[in-house]
Amino acid sequence: MLYGNPAGTRHAKAEMDRYQVEAIHESAAGQRLAQRQALPGSVYEIVTDMLMTHAFEPGARLNIEELARTLGVSPTPVREALARVEADGLITKQPGRSYTVAPLMGIEQVRELIELRLLVEPALAAKAAAHAEPNEIKELRRVARSGGAGAEITAAANRLDMVYDATFHAMVADLAGNQVISDMLTRLRPHLHTYRLYYHAGLHSVTKHEHLAVVGAVARKNPERAEEAMRAHLVSALERLETFVDG
């Protein structure tokens, strides 16, 4: 089975499997897959979307052959897609030809991640303001303007918002010129964990103008304001998450 449910009945498992199949086929990536467009990429998007929205619960087993049959493709694009998903930290390889869905982070762990980011990312923004070239600032502004505009909360939109947020912060780290910290943030994957845990919270709704505030300070070559803008952004992100949990 694609979806593990040890406590449920056989009928309950079958119902859950039908739900998953319908979700796969109704997704934008699933429709592209039906038209045989970009197989590995479409499989990757489908699996990522379902992991990010908990259609595949933590601890569930994903089998290459079973996924291939459900998606109507050969095992090769599924194997390639799952290797990418494993690299993202969403699943772990098991003996044989299966994977297990990675556990979710709790709010305490996400809070600790953001607290760690507060120690380093404001300083990175300040360094970016001091060193970024005009063409680099232009590209940072383009990226900041590119996301956060949609109001629809869907699996695909959540994944795109996560990519947008992660890309912006990675660019700021790269502009600061500290490769060690940049690599550390990449390995931690804080955006993936946050958006996976709170995929239905609509986190994209206020991040765009906060990103643009950072860009404005970087463009003005004002390290202090860039540091303040990044700190305010991260503090606001933590407050939004805690409000969502409490609410």
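The values are calculated or read from the model by the stated rules, or taken from the named source; none is laboratory data. All of these numbers come straight from a predicted model, not from anything done at the bench. Please note: Cβ atoms are built from the backbone with ideal geometry, for glycine as well, and neighbour counts cover all protein chains shown. The area values use the complete protein model at the heavy-atom level, side chains included, leaving out ligands, DNA and RNA. Shrake-Rupley method; radii C 1.70, N 1.55, O 1.52, S 1.80 Å.
Here are some notes:
- Those residues of segment 74-87 which are open to solvent by less than 30 Å² (accessible area, probe 1.4 Å) and out of contact with any helix residue (DSSP H, G or I) (no Cβ under 6 Å at 6 or more places or on another chain), in sequence order: 82
- Of all residues making up segment 211-247, the number that are among the charged types (D, E, K, R) and at pLDDT 95 or above: 7
- Number of positions in segment 113-142 that are at pLDDT below 95 and touching a His at 6+ places or on another chain (Cβ under 9 Å): 2
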